[in-house]
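One structure is given below, encoded as structure tokens.
The values are calculated or read from the model by the stated rules, or taken from the named source; none is laboratory data. Since the model is a prediction, treat every value here as computed from it, not as a measurement. Quick reminder, even Gly has a Cβ in these numbers, built from the backbone with ideal geometry, and neighbours come from all protein chains shown.
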Amino acid sequence: MVTTTTALEAELLEIAGSVPDPELPVLTLQELGVLRAVHVRGAESVEVELTPTYTGCPAIEAMSLDIEQALHAHGIRDVTVRTVLRPAWSTDDITAEGRRKLREFGIAPPRVREVSGPVPVSLSPTRMLEPLRCPHCGSTDTELLSRFSSTACKALRRCLTCREPFDHFKEL
């Protein structure tokens with residue numbers, strides 16, 4: 001089934017997409033890649049499809065409320081935000097602009113995978129087999145301090161060159 005997006009849906013998608021992520025306000029929901037679609041259902045009614053970064057993400061409620069407020073401010077009376085779990089969100093959904101903003105904010109963005117599919121998880125030493133660049137000095141000599149940081153989707157790492165700690169947005 002092929003669906004087409006109307007000009008109004010594209011405009012509303014841009015408005016909803018400009019909402020900042022509640023946990024990483026340096027990124028918009030569009031840059032994070034969690035906003036899937038906006039469908040006009042009537043003269044003043046829309047349905048928004050939103051995918052959480054992981055099932056049970058506590059920020060999904062705040063995202064939904066912020067989207068509703070943004071669309072209400074643009075004259076949409078009835079806004080329904082529907083959680084969509086398929087396709088599942090992946091860090092591959094973060095835009096290039098979002099990755100740039102994470103790096104500038106001091107968070108190492110997730111690496112871009114060349115192939116799609118499941119992400120292998122290995123129980124390895126604290127140094128990664130694949131290099132991860134420090135967002136402060138650019139060195140790839142980094143170590144894992146904690147598998148979890150301020151949110152479940154980030155790990156805490158330290159650069160062994162500049163000795164600065166930094167968050168790494170984990171690949172999912």
Unique residue being closer than 26 Å to P25 by Cα, assigned by TED's automatic domain parsing to the domain that holds A59 and at pLDDT below 95 when the list is G75, G138: G75
Residue among E31, E23 that alone is within 21 Å of T5 (Cα to Cα) and within 15 Å of the chain's Cα centre (by Cα): E31
Subset of segment 62-91 (residues that are in a helix (DSSP H, G or I), over 24 Å from L102 (Cα atoms) and of a type in the set (A, V, I, L, M, F, W, C)): L71
Any hit, segment 48-61, residues being surrounded by 18 or more Cβ atoms within 10 Å (Cβ to Cβ) and farther than 26 Å from R100 by Cβ: no
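Per-residue answers, yes or no, for (1) touching a strand residue (DSSP E or B) at 6+ places or on another chain (Cβ under 8 Å); (2) among the hydroxyl-bearing types (S, T, Y); (3) surrounded by 18 or more Cβ atoms within 10 Å (Cβ to Cβ):
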{"position": "D66", "(1), (2), (3)": "yes, no, yes"}
{"position": "A70", "(1), (2), (3)": "no, no, yes"}
{"position": "H74", "(1), (2), (3)": "no, no, no"}
{"position": "T80", "(1), (2), (3)": "yes, yes, no"}
{"position": "P87", "(1), (2), (3)": "no, no, no"}
{"position": "T95", "(1), (2), (3)": "no, yes, no"}
Selection count, segment 12-38, where residues are out of contact with any strand residue (DSSP E or B) (no Cβ under 7 Å at 6 or more places or on another chain), surrounded by 14 or more Cβ atoms within 10 Å (Cβ to Cβ) and in a helix (DSSP H, G or I): 4
Any hit, segment 92-113, residues being within 17 Å of E171 (Cβ to Cβ), assigned to a strand (DSSP E or B), in contact with an Asp or Glu (Cβ under 9 Å, 6 or more places away or on another chain) and not assigned by TED's automatic domain parsing to the domain that holds A155: yes
